[in-house]
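In what follows, a single structure is set out as structure tokens and then discussed.
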Amino acid sequence: MARVAVITAPNIGYRNTGMLTVDLAFESLRRRMAGEVDATWYTLHTPETVPLRDCARGTGFPFRFHPLAEHLDGLREHDAVVFWGDFLHTRHYLEQDATNRLLDFGFAEDRDAARSLLNRTLLFADQPDELLARTLSYGGTILHNAQSDYEDKEYGPLFSRLVRRSHRVWVRDPLSAAKIAHLREDRTTDYFGSDAALLSRPGDLDHLPTTQWSRSVPDGGAIGVFLGARTPIPEWLPAFCQGLSVRLDAPLEWLPWFDRDVPGPVRHIAPRPGRHTIGDLLGVLPRYRLVITDTYHLAVNAWGAGTPAVCVGAPEPAPRTHDDYLTLSDVKKHVFHMAYDATDFYLSTLPDTEEGHGRRLDRLAHLVEGGGARTVARRIRAHADHSAAAFTGTLASLLGTPGPALGP
């Protein structure tokens, strides 16, 4: 049996539903591959570093994570290594999120020790070229990388070596794909993959347990709302949501994508009663008429389920301080929708006139009621299916196993 090491971003307590869907998608692909593939999962610090989220407890997830730093030497025993999703190789992630968490949880004594550990685990500083030659990277992004990052005497050479000598790279947005083409000096290879979460097809995650919480939503009978987690809620947005509800004849309901209280501006939107599971949060998406959110991976998963997502975000990058986490920037949401001609569904937080909001509401309702939203969803699904076939075919070739199984 072929052995693959899968390296993902840490998701402590399984608090981030979207990151969980990214990991689950690799398992969806593994199940569809014709040859037997054994996956071993690694991350910087395991979900159990903190108590698991209530709705994740007792769920039989198809993976068990190992702490990456403690198992680096074991990577060479695998037939292939896959970096899977997220900002794992960007300088800002290494400097900000990743370093801070290593310090928070006591995995490093100081920032220098943290960066040294990250250089070894995520940039493969001490690994031989032979291992890089059987390393794939899928679904990451270097959206915020700039020349000043490559000028860094540690990061620049290590990142360049990893990108150039890895067997193959797919990134989740076209801007990152252009950057990879420059770095690898290859203008012919298609580096634009989909977001990894999209590689689970509808039905792939039905193995996750669900309850009546999600099954009681009538198909097309409600609009799921999750706001205030990533972008401040503008004053006009609650009324806009209510207008869509009236126009589409579908009630608004709070979708608890993360565990947090309903924010004040939309406190009138009631959550669905009862306890829910992770499977419920995903299983409810195809039953909604529409999703309204400011959270990147909720929008991505809604579109993947065939449900249009109205995504709220800033119109352009705002001035940022050194302490701002670029992983939370609104740019990724805007670029995702631009890549699929879905910017009709991206709501800028800038104020507009009442007439302007009315025109936007009419346009969205027309796209949802007509065929426009379905066309966007098909476009996203077609790219994801094409990208999945490219990835699994390349992985199978690297492993020397049969190619991907055909059909759903």
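A short reminder: the numbers here are calculations on the coordinates, not readings from a lab. Remember, predicted model here, so these are calculated numbers, not experimental data. No Cβ is skipped: glycine too gets one built from the backbone with ideal geometry, and neighbour counts run over all protein chains shown.
Worth a mention:
- Counted charge near LEU158, where neighbours are those whose Cβ lies closer than 12 Å (Asp, Glu -1; Lys, Arg +1): +3
- With a simple spin-label model that places each label point 7 Å from the Cα along the Cα-to-Cβ direction, the separation between ALA146 and ALA125 comes to 2.5 nm.
- 3J(HN,Hα) couplings calculated from phi for region 394-399 with the Karplus curve 6.51 cos²θ - 1.76 cosθ + 1.60 (θ = phi - 60°) are, in sequence order, 5, 4, 4, 5, 5, 7 Hz; Gly and Pro show x.
- Residues considered: GLU95, GLU27, GLU77. Largest GNM mean-square fluctuation over the chain, using C-alpha springs under 10 Å, is found at GLU77.
- For region 108-185, diffusion coefficient by Stokes-Einstein and Kirkwood Rh (Cα), 20 °C, 1.002 mPa s, µm²/s: 162 µm²/s
- Label-zone membership for region 257-273, site VAL50, 7 angstrom Cα→C-beta point, backbone N under 16 Å: 257-261
- Kirkwood hydrodynamic radius of region 132-264, Cα pairs, Å: 19.0 Å
- For the chain, the residue among GLY372, TYR93, HIS276 whose Cα projects farthest onto the positive side of the dipole built from Cβ charges is GLY372.
- Label-point separation in nm, THR189 to GLU235, each point 7 Å along Cα→Cβ: 5.2 nm
- The calculated 222 nm mean residue ellipticity attributable to helices in the chain amounts to -10500 deg cm²/dmol, summing -39500 (n - 2.57) over DSSP H runs of n ≥ 4 and dividing by all residues.
- Extension gain for SER216-LYS153 works out to 17.1 nm (0.36 nm per residue, less the C-alpha to C-alpha distance).
- Over region 217-295, all Cα pairs binned in 10 Å intervals from 0 give whole-percent P(r) values of 18, 56, 25, 1, listed from short to long.
- Taking a straight line from the alpha carbon of LYS153, these lysines sit under 30 Å away, with near neighbours fewer than eight places off in the same chain left out: LYS179, LYS332.
- Here the calculated FRET efficiency for ARG247 and HIS182, from their Cβ-Cβ distance with R0 = 51 Å, stands at 0.70, rounded to the nearest 0.05.
- Residues considered: SER245, SER148, SER216. Largest GNM mean-square fluctuation over the chain, using C-alpha springs under 10 Å, is found at SER148.
- Region 1-104 - share of DSSP beta bridges that are antiparallel (%, nearest 5): 0 percent
- DSSP beta bridges fully contained in the chain are about 5 percent antiparallel.
- Square roots of five times the Cα gyration tensor eigenvalues for the chain, Å: 35, 23, 21
- Our estimate of slack between ASP261 and ASP352, defined as 0.36 nm per intervening residue step minus the Cα-Cα distance, is 30.0 nm.
- Note on ARG3/SER116: beta-carbon distance plugged into 1/(1 + (r/R0)^6) with R0 of 22 Å gives a FRET efficiency of 0.20.
- Taken as Cα centroids, region 127-200 and region 2-73 sit 22 Å apart, rounded to the nearest whole angstrom.
- From the alpha carbon centroid of region 331-357 to that of region 235-312 is 17 Å.
- Calculated FRET value between ARG275 and ARG379, using beta carbons and R₀ = 45 Å, to 0.05: 0.80
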